Amino acid sequence: MEIGRLTQLNALDLSHNHLVGEITPYLANLKSLVSLNLSHNGLSGHIPEELESLTGLLYAVLSYNELEGPIPHNKAFINASLEGNKVNKQSVAKRRKLILITVLPVMGALVLLCAFIGVLFIYDKRRKVRDVERRDDGWISISMLDGKALYRDILNATEEFDATFCIGQGGHGSIYKVNLPSLGNIAVKRLHSSFENTHPNSFMNEVRALIGIKHRNIVNLYGYCSNAQNSLLVYDYVERGSFSSILSNEVESKKLDWLKRVNIIKGVAYALSSLHQDYSPSIVHRDISSSNILLDSVYEARVSDFGIAKLLKPNSSNCTTLAGTYGYVAPELAYTMKVTQLCDIYSFGVLVLEIIKGNHLREYIIVLANSSTRDHVQLSDLLDERLPYPEDRVKEVLFFVIKLASSCLIETPKSRPIMHFISNRLSSMNPRPPTHVRRTI
């Protein structure tokens, strides 16, 4: 009953506990709730019909319980593939595990993970909710549109991927801007066949990492296609493109004033904190760099390119081959090959300093990673000279951000702060009134 009084709560995750009994109807009082996860418990009875009133709810997972009865008529619970829209209670010996898949809004419409019809009831306990199955036609759509039709529309709109529609090239693939009547502008990433041959798991890594994510600072995945001809990923179109391309443009980079840059840093921190803390298993991006940060029309950051992302499995060594962008990779990976959240944190520190300076700091990284040499670095040495020198109030903010970023570069991984701490510090940042700011870091 008391949880129902938390009227400003946005997310409630009580999964993987030993909760029993019925779901309380008092959850209907949580009018600000966006995400609800009650999976992997022993809950029984009906899903309260009062939950239909949670019109802002986007994400609901009630799998791995003993629920029965009708599903509330709410977009977060809708699943057209369920038999009679019922959650059926089975015997303990033969109980099938029901997965209520998140329903996401796309251009005002309900987005169904419609390709998962037939695999909603999963018998293998080792299979996770995030696992993805391929269909025979190779297309999985995460929209209400027919997958094959959407694929044909993309081919027609790009004249079968003519170079004139290409807006970016990378080591992994090419990005095309596509305008469709049903979705508006979208971005289609077409993987290079040579990259797929050398990195056969990259495509599905990105799908598995993004398929359950809905975050304002992470690119939104509409769907994907993998067949003999093409491997495509379909995303939201992010207007201003990569942060690295903006930094390299003398005119565009000057539009990124100091406070815009701080806001970009906050956005990346929020995204990484969510990836590390809000998902099980947690997700490590492994390639945080200025090329993989996109900016929308209002300079809000979106983390992209999850091709080498790693889902951290609790009972695994999580060792892998060395990968990532040179200059951003945590030094310990060279000799341990063990992926941890602290690897992303090191890359985040490098990125933050690049955002402030306007280019990669290179040799300064080692200097700032060492507390004894850090004190001799002048603040002015770390600022982008293309921008006006900041006033004292802004200088205070930059000093705080640079110090926080420097702590991410400490050579001993366990001494680095975690992303949850970093995002909280940035979120609560409230610089003092203009005062004299120390000139060294």
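Worth pointing out:
- Some residue of the range 398-406 being modelled with pLDDT of 90 or more and surrounded by fewer than 19 Cβ atoms within 10 Å (Cβ to Cβ): yes
- One residue alone among 279, 328 is assigned to a loop (DSSP other than H, G, I, E, B) and open to solvent by 30 Å² or more (accessible area, probe 1.4 Å), and that residue is 279.
- Whichever residue in the range 389-403 is in a helix (DSSP H, G or I) and touching a residue at least 60 places away in the same chain (Cβ under 8 Å) and, among such residues, is nearest to residue 350 (Cα to Cα): 401
- Every condition in (1) touching a helix residue (DSSP H, G or I) at 6+ places or on another chain (Cβ under 6 Å); (2) modelled with pLDDT of 85 or more holds for residue 392 except the one numbered (1).
- Residue tally, condition in a helix (DSSP H, G or I) and in contact with a strand residue (DSSP E or B) (Cβ under 6 Å, 6 or more places away or on another chain), over the range 282-294: 1
- When the range 42-75 is limited to residues that are among the β-branched types (Val, Ile, Thr) and at pLDDT below 85, the one that is nearest to residue 17 (Cα to Cα) turns out to be 61.
- Entirely in the range 174-270, the helices (runs of 4 or more DSSP H) that have 3 or more residues that are modelled with pLDDT of 80 or more and under 20 Å from the mean Cα position of the chain (by Cα): 202-210
- Unmet criterion (only one of (1) in contact with a helix residue (DSSP H, G or I) (Cβ under 6 Å, 6 or more places away or on another chain); (2) outside any helix (DSSP H, G or I)) for residue 406: (2)
- Selected residue (criterion: most open to solvent (accessible area, probe 1.4 Å)) from residues of the range 135-166 that are at pLDDT below 90, among the aliphatic types (A, V, I, L, M) and not in a loop (DSSP other than H, G, I, E, B): 149
Residues are listed down the side, and each one gets a yes or a no for (1) part of a helix (DSSP H, G or I); (2) at pLDDT below 90; (3) within 29 Å of the chain's Cα centre (by Cα); (4) polar (S, T, N, Q):
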position	(1), (2), (3), (4)
342	yes, no, yes, no
352	yes, no, yes, no
368	yes, yes, yes, no
387	no, no, no, no
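- Single residue of the range 371-389 satisfying the filter (of a type outside the set (D, E, K, R) and exposed (fewer than 15 other Cβ atoms within 10 Å of the Cβ)) that is farthest from residue 257 (Cα to Cα): 372
- Filter result for residue 338 (touching a strand residue (DSSP E or B) at 6+ places or on another chain (Cβ under 8 Å) and among the basic types (Lys, Arg)): yes
- Close contacts from the range 331-355, counting a first residue that is over 21 Å from residue 244 (Cα atoms) and a second that is open to solvent by 20 Å² or more (accessible area, probe 1.4 Å) and assigned to a helix (DSSP H, G or I), with Cβ to Cβ under 6 Å and a gap of 6+ residues or different chains, come to 332/413; 342/413.
- For the range 24-34, the criterion of a residue being over 28 Å from the mean Cα position of the chain (by Cα), assigned to a loop (DSSP other than H, G, I, E, B) and at pLDDT 85 or above is satisfied by at least one position.
The values are calculated or read from the model by the stated rules, or taken from the named source; none is laboratory data. Model, not experiment: these values are computed from the prediction. Every residue, glycine as well, gets a Cβ built from its backbone with ideal geometry; the counts of neighbours run over all protein chains shown. The protein model used for the area step is the full one, side chains on, heavy atoms only, and it has no ligands, DNA or RNA in it. Shrake-Rupley method; radii C 1.70, N 1.55, O 1.52, S 1.80 Å.
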